[in-house]
Every structure is written in structure tokens, then in C-alpha cells.
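Asker: My questions all concern the structure below.
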Amino acid sequence: MRLRNFVMGCTLLASYTAVAQPSPKEDLPGDYLTPAFHAGRRDSLRQLMPANSVTVVWAYPTRNFSNDVDYVYHQNPDLYYFSGYKEPHSMLLVFKEPQTAADGSTFKELLFVQKRNAQAEQWTGKRMGVEGAKEKLGLTHVFNGEDFKNYQLDFTKFDKIILDRLPADVNDSRYDNADLFDLLKQLKEKAQIPDNYVQEKRFGTAQFRQYTGQLREIKTEEEVNLLRKAVEISCHGQAEVMKAVRPDMSEREVQGLHEYVHKKYGAEYVGYPSIVGAGNNGCVLHYQENEKLHVENKMVLMDVGAEYHGYTADVTRTVPANGKFTAEQKAIYEIVYEAQEAAFKLCKEGSTWGELDKVSRNVVAEGLIKLGIITKKEEANKYYPHGLGHHIGLDVHDRSASATLKKGMVITIEPGIYIPENSNCDKKWWGIAVRIEDDLLIKEKDFELLSWAAPRKASDVEKVVAEKSPLDQFTLPKLQSGKKGF
Ligand code: GLY
Ligand code: MN
């Protein structure tokens, strides 16, 4: 849903066009972000920073799943954006002015990384280490986390230390004296960060959000290419699922089909937990259980986005599982479609979120009044309880700093109508939930529809649901627990 707190501000667009070369020797994708991209982002950050300042960015903590198993690690998007480093227990410092090291060399950035450890790497995979980070990320001054403690740097000399709010929920591993807990503890000591640092002028937490918002809200060419890919992959997922969906499928099965298509195209993750809700379940905006065993002859709301090299799509389609919208479903679908079309007309540089929101909400309100579902315009929010859209990028609800659309922004437009059971309207509308969500690259006079590959018009959706799917042939044996096997 739409991000809050847009703050006005200017933007900088650095367009780094260096293209990663495919690496057939390692059999890996060839389109990762390049060191030049990350260096460019650091330079743009430096331009925004005031004189005599330093910006500190740390990794996200690791999270325990259960017992001795952790959740799959996901890097703090800010650290990834400015460095490309994907491992935990790390910290980046970006300086406004060049600094001089004890050995006389000068530097503008310091990166502290996880130390290499053969035993740990045998269990949890290869670490980049100091040498790897220098070679692969192009940073010159890289150290192990354990070196931060004694690193000669007088933080008190800076007029401003720009940093995000310190996380309060980081565990201290007793097996590691240079984990994130230790790095943050040492940072607090070195920079003399008091408990009330958010109020102190010497620390710029608001600036951190402002600068990263200004930078991240405008996508460079490299970022747009990755987003184009993430969105197209997600749309092919939507289209394939439309062909494959049948009333006897479960919500989870539908989710699995989306995610299989994502993986087939090389997407690493989903950008947020997949939302697959049949009928009334679609009224839960961030429904994640996906546990209904049969989607039946209902509409299925599918809000699913692939994450490709860190960048996430966010695409929603709502489809009749049996291939045909009922009259009531179609009536609601058409209002949402028209609300989206009305917003599309304003999608260009200079429009404000407020203007877009107003036109789409108006279409929804008038449509619901015409159908007799509400009597007054103000009641529409009850059935359309979220904002019109948000930025996407390294986060599904991506950081931004401006309420006005600008060239190079990538946003979602996602009106919706949700009529839960027992609502104060005719029973025939109960359990109908429709959201249509598309991803757009804002241009000067109009936009590029990144999510072109997923059918959107009601008639096109019906047409594609009627198509045959290769998955029609995909059958598995019934589970027969206890049977003797091979
Ligand atoms: N796709 C989930 C959301 O926009 O909140
Ligand atoms: Mn969204």
C-alpha cells in the first residue's frame, strides 16, 4: 500500500550504463549490478551530504527461524545499494571529504565485512572476505569486522554523523566478537552516540531517510533494467497461472505455480509473501495463509511479485477460477479497471500522488453508488481502504522523498474494492474482492507500462483463463502414506 510521509526534495539522477558481462565460466547470470553502479550511488550520496560529515550504513541482522536454523538472509537494501555487499555483520562508512589512513593512503569509503572462515563456509557458503570485496565490489579500503574496534578514526571530529535509527533487536552471538551487535556497540562508543541521539543535531537520522529517499526514488538505467525483468517475470507468472488455474486447485498450489515460473526465469525470491486469496480471502489485504484447499468457482486475487537481483515487482491480477466473471464480479472488476485507467492518465512527471488518488477514488465512489452498494461518496473508503500505489525497487514499498512524480520513478497503481461477508449491502456482493495492480516507469509526458505482459482487461483475462496450459498435463500420484516403496 502507499507509503506515507513524502517529503519534498530535489533529486539526482546518475546514469551509469556499464553492463555486467555474462560469466559463462561460473555459469552465473551476467546482469548483476556493477561496481560502477554502486560507486555512482555513493558519489551521489556524497553530493547530498553536508561538509565534514560521514554516513554510516550497517547490515540487517540475521534472524532465527527455529533452533539452529536461520531465515534466508536478506541484506539491508541501503547497504546493498551503496556497496553491493550481500553478507551480514558488516558496515559501510561514506565520507564527504577524503580521509587519510594510518598508512598515508586516502579513502572516501570504508567497508567492514565478515571474516572468511573455512569451517563456517563449509556449512553456510562462501564468504566474500576482504580480498573478494576489494576485487568484486571495487572498494579500496576493506577490513574485517574485527578490525573496526581498533581502527583509527576520530568520529567526534565530524559535524554530522548521518545514520538510520539504530536497531534495538540485534542479538550478540557468543561465538563471534565482530558480529553486528559488536559493530554497533563499537560505533556507539567511538561516535559517542547518546540514548537521545535522534534529538541531537550532531546525528542525522532524518537526513539519512531524506537522502536515501531522494536517491532511491529515481531509478538509474541499470535499476530500471532489473525492474523491467522482475516485472515481466511476474507477469508471465500471472499469465501462466491464468491458463492453469482450475476450481479444484488450492490457494497454495496457485502460489506455487507463480513461484515456479519466477524461478524458471531466474528470480531468486519473492519480494514479499505471495498473496493468493479466493473469494472472501481476497478481502484481507495482505492475506498470507493461502490455505484454502479449493479456490472453487470464485475469483482469485493474486498479488505476487518476483525479486530479481534484489529488485522486486508487485503485480496483482484477479481472475475467475472457472473462466467466467459473474455479473456482480464483472461490475466490481470494471469499476476497479476504470479507476486504474483514470489514474494512468495522470501518470507523468509533475503529477502528485494526491491528484492520482483523488481521481481513482472518485471512480470507485461513483461506481459503488451506481450499484447501490453505498449511498454517500465518503463511504467508499470502507471498501477501498488503502492508498493508490507506492514506489517499488529494492523494497516492495520502496523509499521515496517526494509526493510529486518524476521521470525515472517506478511505481505501482493498484486500486481495489473489497466487500467482505456481512457487509452492509446486498448479499450478492459479499465475498467479492478485486485488486488490479500494475507497475509503471514514469516518463516526462507519460509512462512505460512495465507490467504489459499480464492480461488486465476483463475480456482478456477470460480469454487467457480459457487457454490450455502445459500444467494441465502435470499430475502427481495421490499420497498414500505408509505404503512400501522402492
Ligand atoms: N503487494 C503488497 C502491497 O502493495 O502492499
Ligand atoms: Mn503494491
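The values are calculated or read from the model by the stated rules, or taken from the named source; none is laboratory data. Quantities reported herein were computed from a predicted structural model and do not represent experimental measurements. Glycine gets a Cβ as well: all are built from the backbone with ideal geometry, and neighbour counts include every protein chain shown. Remember, those area values only see protein heavy atoms, side chains included, never the ligands or the DNA or RNA. Shrake-Rupley method; radii C 1.70, N 1.55, O 1.52, S 1.80 Å.
Asker: Only one of K201, K188 is modelled with pLDDT of 95 or more, out of contact with any Lys or Arg (no Cβ under 9 Å at 6 or more places or on another chain) and either open to solvent by 30 Å² or more (accessible area, probe 1.4 Å) or at positive phi (or both); which? Spell out how you get there, then give the answer.
Answerer: Working: K201 fails: out of contact with any Lys or Arg (no Cβ under 9 Å at 6 or more places or on another chain).
Being modelled with pLDDT of 95 or more, out of contact with any Lys or Arg (no Cβ under 9 Å at 6 or more places or on another chain) and either open to solvent by 30 Å² or more (accessible area, probe 1.4 Å) or at positive phi (or both) holds for just one of K201, K188, which is K188.
Asker: Do we have K428 as away from ligand 2 (no atom under 16 Å from the Cβ) and in a loop (DSSP other than H, G, I, E, B) here? Steps first, answer last, please.
Answerer: Details: away from ligand 2 (no atom under 16 Å from the Cβ): yes; in a loop (DSSP other than H, G, I, E, B): no.
Considered against the rule, which asks whether it is away from ligand 2 (no atom under 16 Å from the Cβ) and in a loop (DSSP other than H, G, I, E, B), K428 comes out as no.
Asker: Of everything in the stretch 183-199, what is part of a loop (DSSP other than H, G, I, E, B) and of a type in the set (A, V, I, L, M)? Give them in sequence order. Before the answer, list the steps.
Answerer: Here is the first cut: in the stretch 183-199, the ones part of a loop (DSSP other than H, G, I, E, B) are 191-196.
Selection gives A191, I193.
Asker: If you don't mind, another one. How many residues does the stretch 298-314 contain that are under 9 Å from the mean Cα position of the chain (by Cα), more than 16 Å from ligand 1 (Cβ to nearest atom) and open to solvent by less than 10 Å² (accessible area, probe 1.4 Å)?
Answerer: Within the stretch 298-314, residues that are under 9 Å from the mean Cα position of the chain (by Cα), more than 16 Å from ligand 1 (Cβ to nearest atom) and open to solvent by less than 10 Å² (accessible area, probe 1.4 Å) number 0.
Asker: Residues of the stretch 409-456 being touching a Ser or Thr at 6+ places or on another chain (Cβ under 8 Å) and either hydroxyl-bearing (S, T, Y) or over 18 Å from E341 (Cα atoms) (or both), which ones?
Answerer: M409, W429, W430, A433, S451
Asker: For A313, indicate whether it is closer than 30 Å to S402 by Cβ and within 16 Å of ligand 2 (Cβ to nearest atom). Lay out the reasoning, then the answer.
Answerer: Details: closer than 30 Å to S402 by Cβ: yes; within 16 Å of ligand 2 (Cβ to nearest atom): yes.
So A313 fits the description; yes.
Asker: Continuing with the same structure: All but one of (1) more than 15 Å from the chain's Cα centre (by Cα); (2) open to solvent by 50 Å² or more (accessible area, probe 1.4 Å); (3) of a type outside the set (G, A, S); (4) within 15 Å of ligand 2 (Cβ to nearest atom) hold for E366; which doesn't?
Answerer: Of the numbered conditions (1) more than 15 Å from the chain's Cα centre (by Cα); (2) open to solvent by 50 Å² or more (accessible area, probe 1.4 Å); (3) of a type outside the set (G, A, S); (4) within 15 Å of ligand 2 (Cβ to nearest atom), the odd one out for E366 is (4).
Asker: Taking the stretch 246-271 only, how many residues are within 16 Å of the chain's Cα centre (by Cα) and crowded, with 24+ Cβ neighbours inside 10 Å?
Answerer: 3
Asker: Please specify each residue of the stretch 447-470 satisfying the condition of being open to solvent by 40 Å² or more (accessible area, probe 1.4 Å) and out of contact with any Phe, Trp or Tyr (no Cβ under 9 Å at 6 or more places or on another chain).
Answerer: E448, W452, S459, D460, K463, A466, E467, K468, P470
Asker: Considering the stretch 285-297 alone, what residues qualify as being within 11 Å of ligand 1 (Cβ to nearest atom) and either more than 26 Å from the chain's Cα centre (by Cα) or not aliphatic (A, V, I, L, M) (or both)?
Answerer: Of the stretch 285-297, the ones within 11 Å of ligand 1 (Cβ to nearest atom) are 285-288.
Those that are within 11 Å of ligand 1 (Cβ to nearest atom) and either more than 26 Å from the chain's Cα centre (by Cα) or not aliphatic (A, V, I, L, M) (or both): H286, Y287, Q288.
Asker: Only one of (1) within 19 Å of L92 (Cβ to Cβ); (2) touching a helix residue (DSSP H, G or I) at 6+ places or on another chain (Cβ under 9 Å) fails for N177. Which number is that?
Answerer: In the conditions (1) within 19 Å of L92 (Cβ to Cβ); (2) touching a helix residue (DSSP H, G or I) at 6+ places or on another chain (Cβ under 9 Å), N177 misses (1) alone.
For every residue, the table says whether it meets (1) closer than 18 Å to A331 by Cα; (2) more than 18 Å from the chain's Cα centre (by Cα).
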site: H391; (1), (2): no, no
site: A458; (1), (2): yes, yes
site: A466; (1), (2): no, yes
site: K478; (1), (2): no, yes
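Asker: Look at K243 and say whether it is open to solvent by 30 Å² or more (accessible area, probe 1.4 Å) and assigned to a helix (DSSP H, G or I).
Answerer: It is true that K243 is open to solvent by 30 Å² or more (accessible area, probe 1.4 Å) and assigned to a helix (DSSP H, G or I).
Asker: Still on this model: With the condition kept exactly as written, say whether any residue in the stretch 284-307 is farther than 30 Å from K219 by Cβ and within 16 Å of ligand 2 (Cβ to nearest atom). Give the steps one after another, and end with the answer.
Answerer: First, the residues of the stretch 284-307 that are farther than 30 Å from K219 by Cβ: 284, 289-300.
When the remaining residues are screened for being within 16 Å of ligand 2 (Cβ to nearest atom), the result is 284.
Yes - at least one qualifying residue is present in the stretch 284-307.
Asker: What's the number of the only condition in (1) buried (at least 23 other Cβ atoms within 10 Å of the Cβ); (2) assigned to a helix (DSSP H, G or I); (3) more than 16 Å from ligand 2 (Cβ to nearest atom) that I373 fails to meet?
Answerer: (2) is the only condition that I373 fails.
Asker: Pairs needed: first member in the stretch 167-193, aromatic (F, W, Y); second member anywhere, open to solvent by 90 Å² or more (accessible area, probe 1.4 Å); C-beta distance under 8 Å; at least 6 residues apart or different chains.
Answerer: Partner pairs satisfying both residue conditions: F181/N171.
Asker: Separate question: How many residues are open to solvent by 100 Å² or more (accessible area, probe 1.4 Å) and in contact (Cβ under 8 Å) with a residue 24 or more places away in the chain when one looks only at the stretch 149-158?
Answerer: At the first step, the residues of the stretch 149-158 found to be open to solvent by 100 Å² or more (accessible area, probe 1.4 Å) are 149-150, 152.
The next check asks that each one be in contact (Cβ under 8 Å) with a residue 24 or more places away in the chain; those that pass are 149, 152.
So the count comes out to 2.
Asker: Let me ask something additional. Looking at this structure, is S481 open to solvent by less than 60 Å² (accessible area, probe 1.4 Å), without any contact (Cβ under 8 Å) to a residue 60 or more places away in the chain and farther than 30 Å from R209 by Cβ? Lay out the reasoning, then the answer.
Answerer: Numbers: open to solvent by less than 60 Å² (accessible area, probe 1.4 Å): no; without any contact (Cβ under 8 Å) to a residue 60 or more places away in the chain: yes; farther than 30 Å from R209 by Cβ: yes.
It is false that S481 is open to solvent by less than 60 Å² (accessible area, probe 1.4 Å), without any contact (Cβ under 8 Å) to a residue 60 or more places away in the chain and farther than 30 Å from R209 by Cβ.
Asker: When the stretch 378-404 is examined, which residues are found to be within 16 Å of ligand 2 (Cβ to nearest atom), in contact with a strand residue (DSSP E or B) (Cβ under 8 Å, 6 or more places away or on another chain), outside any strand (DSSP E or B) and open to solvent by less than 30 Å² (accessible area, probe 1.4 Å)?
Answerer: Of all residues in the stretch 378-404, those within 16 Å of ligand 2 (Cβ to nearest atom) come to 384-400.
Those left that are additionally in contact with a strand residue (DSSP E or B) (Cβ under 8 Å, 6 or more places away or on another chain): 384-386, 388-400.
Filter once more, keeping what is outside any strand (DSSP E or B): 384-386, 388-390, 392-400.
Scanning the stretch 378-404 gives Y384, H386, L388, G389, H390, I392, G393, L394, V396, D398, S400.
Asker: Then there is this: Please specify each residue of the stretch 165-185 satisfying the condition of being among the charged types (D, E, K, R) and open to solvent by 40 Å² or more (accessible area, probe 1.4 Å). Explain how you work it out, then say what you get.
Answerer: Within the stretch 165-185, the first condition is being among the charged types (D, E, K, R), and the residues that meet it are 165, 169, 172, 174, 176, 179, 182, 185.
Those that are among the charged types (D, E, K, R) and open to solvent by 40 Å² or more (accessible area, probe 1.4 Å): R165, D169, D172, R174, D176, K185.
Asker: A further question on this structure: If you take just the strands (runs of 3 or more DSSP E) that sit entirely in the stretch 267-357, which of them hold at least 2 residues that are in contact (Cβ under 8 Å) with a residue 60 or more places away in the chain?
Answerer: Details: elements: 275-278, 299-304, 306-308, 315-320.
Filter on the stretch 267-357 gives 299-304, 306-308, 315-320.
Asker: Looking at G125 and the list (1) in contact with a Phe, Trp or Tyr (Cβ under 9 Å, 6 or more places away or on another chain); (2) more than 27 Å from R41 (Cα to Cα); (3) loosely packed, with under 13 Cβ neighbours inside 10 Å; (4) free of Cβ contacts under 8 Å to residues at least 12 places away in the same chain, which single condition is not satisfied?
Answerer: G125 satisfies every listed condition except (1).
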